[in-house]
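Each value in this text was obtained by applying a stated rule to the coordinates, not by laboratory testing. Small disclaimer: the values here were computed from a predicted structure and weren't measured. We place every Cβ from the backbone using ideal geometry, glycine too, and count neighbours over all the protein chains shown.
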Amino acid sequence: MRIPAFGIAVERACRSGLVERPLVVAPPDSARALVQLVSDEARAAGIRRGMRLNEARRICRDVITLYPNPPLYARAEAAILRILEQYSPCIEPDNIHSTGILCRIPDVGMGAGGLYAGGEGSDFGA
């Protein structure tokens, strides 16, 4: 299962008013901060990960800046892993993908690497 821009997906699950809005996640209190995560809507406006926040705001005046919330993202990831463990005892979170969440369900007969399933997030709680 892969959820790109995981932090944005979690924020949207918690706050429905953010759905279909251009969003970025960037550290607070610095216009020179670098954009860490980009929603599809912000990407369509020309914003890219690693871009300076002040440049992103110039490109898309409607962009909403969210501050990173690692405790919330960790709770959401734990909730997803608990759900996935109901279906397979062998869930392997892949922490290499710092911009999203990727879990591998190994040894299910889908090749040597296991099964990768795509999907959207669920209700993570706040």
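Where in segment 21-89 are there helices (runs of 4 or more DSSP H), lying wholly inside it, with at least 3 residues that are of a type in the set (Phe, Trp, Tyr), farther than 21 Å from residue 3 by Cβ and touching a residue at least 60 places away in the same chain (Cβ under 8 Å)?
In segment 21-89, no matching helices (runs of 4 or more DSSP H) lie anywhere.
Residues that are under 11 Å from the mean Cα position of the chain (by Cα), within 11 Å of residue 65 (Cβ to Cβ) and of a type in the set (Val, Ile, Thr) within segment 1-37 comprise 24, 25, listed in sequence order. The set of residues from segment 1-20 being in contact with a strand residue (DSSP E or B) (Cβ under 8 Å, 6 or more places away or on another chain) and in a loop (DSSP other than H, G, I, E, B) comprises 1, 5. For segment 24-44, the criterion of a residue being exposed (fewer than 15 other Cβ atoms within 10 Å of the Cβ), charged (D, E, K, R) and touching a strand residue (DSSP E or B) at 6+ places or on another chain (Cβ under 7 Å) is satisfied by at least one position.
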